[in-house]
Amino acid sequence: MAASSRARVLDLYRAMLRESKQFSAYNYRTYAIRKIRDAFRENKNMKDPVEIQALVNKAKRDLEMIRRQVHIGQLYSADKLIIENQEKPKT
């Protein structure tokens, strides 16, 4: 993968993670982050430029979908789960 292509993919990866962290629902947030990490790890050794471009295009569409879902989730927010309200242990 060319250096510019690698940088573009990493920027897309970071943007997807950043947007996913904005989900107000804990379950959606953790699921999205896990799926993004798994998908990028699964395809990290891809060499074919045509396949890489197809995956980048799919990731861009997915990023837009995540942005829409985050926005919708903020409109209809719910109470936090117990797991989100736990305090960190003091050391």
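The values are calculated or read from the model by the stated rules, or taken from the named source; none is laboratory data. Predicted model, so just to flag it, every value in this text is computed and none were measured. For neighbour counting, all protein chains shown are included, and Cβ atoms are generated from backbone atoms with ideal geometry for every residue, glycine included.
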Q) Given the chain, what helices (runs of 4 or more DSSP H) lie entirely inside it while holding 3 or more residues that are surrounded by 10 or more Cβ atoms within 10 Å (Cβ to Cβ) and small (Gly, Ala, Ser)? A) 3-20, 49-75
(Q) Consider the stretch 22-35. How many of its residues are among the basic types (Lys, Arg) and modelled with pLDDT of 95 or more? (A) 2
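Every residue, every condition in (1) in contact with a Leu (Cβ under 9 Å, 6 or more places away or on another chain); (2) at pLDDT 95 or above; (3) farther than 22 Å from MET16 by Cβ, yes or no:
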residue: ASP38; (1), (2), (3): no, yes, no
residue: LEU55; (1), (2), (3): no, no, no
residue: LYS60; (1), (2), (3): yes, yes, no
residue: ILE66; (1), (2), (3): no, yes, no
residue: GLN74; (1), (2), (3): no, no, no
residue: SER77; (1), (2), (3): no, no, no
residue: LYS80; (1), (2), (3): no, no, yes
residue: GLU87; (1), (2), (3): no, no, yes
residue: THR91; (1), (2), (3): no, no, yes
